Amino acid sequence: MSANPPDMTGFDPDSVNAQPEGSLEALIVRVEAEVRELQFPGFSLDDALNLGLLLVELGKERALPIAIDISKGSQVLFHVALPGATPDNGHWIRAKQRTAARYEAPSLLVGLRGRLGGGRIEDNAWFDQSRYAAHGGAFPISVTGVGMVASVAVSGLPQLQDHNLVVEALRDVLGSSLSD
């Protein structure tokens with residue numbers, strides 16, 4: 001079961017096949033717009049709990065084999081592994097979160113930007129794949145006027161689905177907090 005249906009006209013970062021022309025650039029524009037949109041007015045421990053619990057609810061409803069983590073620097077604010085998640089998901093979460101923190105951008109966006117002009121960021125000798133992963137699933141939690149204060153990550157699905165699930169939950173939590 002997947003978080004979101006695949007976009008048949010869009011860029012698939014997991015595909016080795018030819019991609020529709022302009023689809024990489026279109027996905028980059030979409031993710032950059034998500035970064036601008038998904039800003040918190042403030043981010044508390046209660047916000048972290050609400051976001052984490054929403055991701056758990058979505059994962060359980062959809063029977064997704066995912067691990068979820070929300071961290072502020074080295075402090076874990078929320079972490080859970082749902083049925084089907086593996087120990088490898090913890091490694092991927094940490095590597096994707098390091099990428100989001102280093103670049104202050106979603107891990108998916110880092111990987112997509114690395115593909116502009118051909119190639120991948122992972123092909124560069126300076127990109128340490130034992131510590132970083134430019135794969136979708138980690139998203140910076142940013143506070144308006146402050147910047148990145150934490151990150152949320154999901155691992156267990158194809159990377160675009162990991163990313164989309166996080167974005168869906170962020171939109172829901174932000175929509176709820178703005179209507180309070």
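The values are calculated or read from the model by the stated rules, or taken from the named source; none is laboratory data. Computed from a predicted structure; not experimentally measured. Note that each Cβ is placed from the backbone with ideal geometry, even for glycine, and that neighbours are counted across all protein chains shown. SASA here: full protein model, heavy atoms, side chains in, ligands and nucleic acids out. Shrake-Rupley method; radii C 1.70, N 1.55, O 1.52, S 1.80 Å.
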| Quick one: is Ala48 of a type in the set (A, V, I, L, M, F, W, C), open to solvent by less than 20 Å² (accessible area, probe 1.4 Å), outside any strand (DSSP E or B) and closer than 23 Å to Ser142 by Cβ? | yes
| task | Only one of these is surrounded by fewer than 23 Cβ atoms within 10 Å (Cβ to Cβ), at positive phi and at pLDDT 80 or above: Gly145, Gly118, Gly175. Name it. | result | Gly145
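With the requirement that a residue be open to solvent by 80 Å² or more (accessible area, probe 1.4 Å) and either of a type in the set (Asp, Glu) or touching a Lys or Arg at 6+ places or on another chain (Cβ under 9 Å) (or both), what does the stretch 22-44 give you?
Step one: of the stretch 22-44, the residues open to solvent by 80 Å² or more (accessible area, probe 1.4 Å) are 25, 29-30, 36-37, 41.
Result: Glu25, Glu37.
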| message | Regarding the stretch 64-87, can at least one residue be identified that is open to solvent by 40 Å² or more (accessible area, probe 1.4 Å) and within 30 Å of Gly22 (Cβ to Cβ)? | response | no
| query | Restricting attention to the stretch 103-159, and to residues there that are in a loop (DSSP other than H, G, I, E, B) and acidic (Asp, Glu), which single residue is nearest to Ala26 (Cα to Cα)? | reply | Glu104
| request: Name the residue, out of Val29, Val56, that is over 15 Å from Leu170 (Cβ atoms) and at pLDDT 95 or above. | output: Val29
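Among the candidates Arg102, Arg98, Arg131, single out the residue that is in contact with a Phe, Trp or Tyr (Cβ under 6 Å, 6 or more places away or on another chain), open to solvent by 40 Å² or more (accessible area, probe 1.4 Å) and more than 21 Å from Phe11 (Cβ to Cβ).
Values: Arg102 fails: in contact with a Phe, Trp or Tyr (Cβ under 6 Å, 6 or more places away or on another chain); Arg131 fails: in contact with a Phe, Trp or Tyr (Cβ under 6 Å, 6 or more places away or on another chain).
Exactly one of Arg102, Arg98, Arg131 is in contact with a Phe, Trp or Tyr (Cβ under 6 Å, 6 or more places away or on another chain), open to solvent by 40 Å² or more (accessible area, probe 1.4 Å) and more than 21 Å from Phe11 (Cβ to Cβ), namely Arg98.
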| request: Any residue in the stretch 165-177 that's under 9 Å from Leu58 (Cβ atoms) and hydrophobic (A, V, I, L, M, F, W, C): show its pairings with residues that are in a helix (DSSP H, G or I) and open to solvent by 10 Å² or more (accessible area, probe 1.4 Å) at Cβ separation under 8 Å, as long as the two are six or more apart or on different chains. | output: Leu165/Leu58; Ala169/Leu54; Ala169/Leu58
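Open to solvent by less than 70 Å² (accessible area, probe 1.4 Å), out of contact with any Gly (no Cβ under 7 Å at 6 or more places or on another chain), within 17 Å of Glu34 (Cβ to Cβ) and of a type in the set (Asp, Glu) - does that describe any residue in the stretch 158-171? Show your work before the answer.
First, pick out the residues of the stretch 158-171 that are open to solvent by less than 70 Å² (accessible area, probe 1.4 Å): 158-170.
Add one more test, that the residue is out of contact with any Gly (no Cβ under 7 Å at 6 or more places or on another chain), and what stays is 158, 161, 164-165, 167-170.
Then drop every residue that is not within 17 Å of Glu34 (Cβ to Cβ), which leaves 161, 164-165, 167-170.
Within this subset, residues satisfying the condition of being of a type in the set (Asp, Glu) are 168.
Yes.
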